[in-house]
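**Student:** Before I ask anything, let me first share the structure, which is written out below as structure tokens.
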Amino acid sequence: MFKYLVKNLKSLLTKQGVISLLLVVNVVVSALVISHTLNDNANRYNRLIRA
């Protein structure tokens, strides 16, 4: 069981695994930045309406 996990880990650490991991991280970060930006803009807009 453990050997199987180690073997899988090694295959994940190959170039393809690293690239896919980076893509996932990139997508998550982009989504967070976009949602934060939208939230920020919405808050600014609401302040303008109230003012």
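**Student:** Which of the chymotrypsin sites (Phe, Trp or Tyr not before Pro) found in the chain are loop residues per DSSP with 12 or fewer other Cβ atoms within 10 Å of their Cβ?
**Tutor:** none
**Student:** Which of A42, A31, M1 sits farthest toward the positive end of the charge dipole of the chain, with +1 on the Cβ of Lys and Arg and -1 on the Cβ of Asp and Glu?
**Tutor:** Value computed over the given set: M1.
**Student:** Which whole-Hz ³J(HN,Hα) couplings does the stretch 25-32 yield from phi under the Karplus relation 6.51 cos²θ - 1.76 cosθ + 1.60, θ = phi - 60°, glycine and proline marked x?
**Tutor:** Coupling constants for the stretch 25-32: 4, 4, 5, 4, 4, 4, 4, 5 Hz.
**Student:** May I pose another question? How long is the chain along each principal axis, judged by its Cα atoms, biggest number first, in Å?
**Tutor:** Taking the Cα atoms of the chain, the three principal extents are 64, 21, 6 Å.
**Student:** So what's the angle, to the nearest 10 degrees on a 0 to 90 scale, between helix 2-12 and the longest Cα principal axis of the chain?
**Tutor:** Compared with the principal axis, the helix lies near 60 degrees.
**Student:** Please state the charge dipole magnitude for the chain, taken about the Cα centre, from unit charges on C-beta atoms (+1 on K and R, -1 on D and E), reported in debye and rounded to the nearest 20.
**Tutor:** Using Cβ point charges on Lys, Arg, Asp and Glu, the chain gives about 160 debye.
All of the numbers you see were taken from the coordinates with simple rules; none came from a lab. Predicted, not measured: the structure shown is a model, and the values here were computed from it. So basically every Cβ, Gly included, is an ideal-geometry build from the backbone, and we count neighbours across all protein chains shown.
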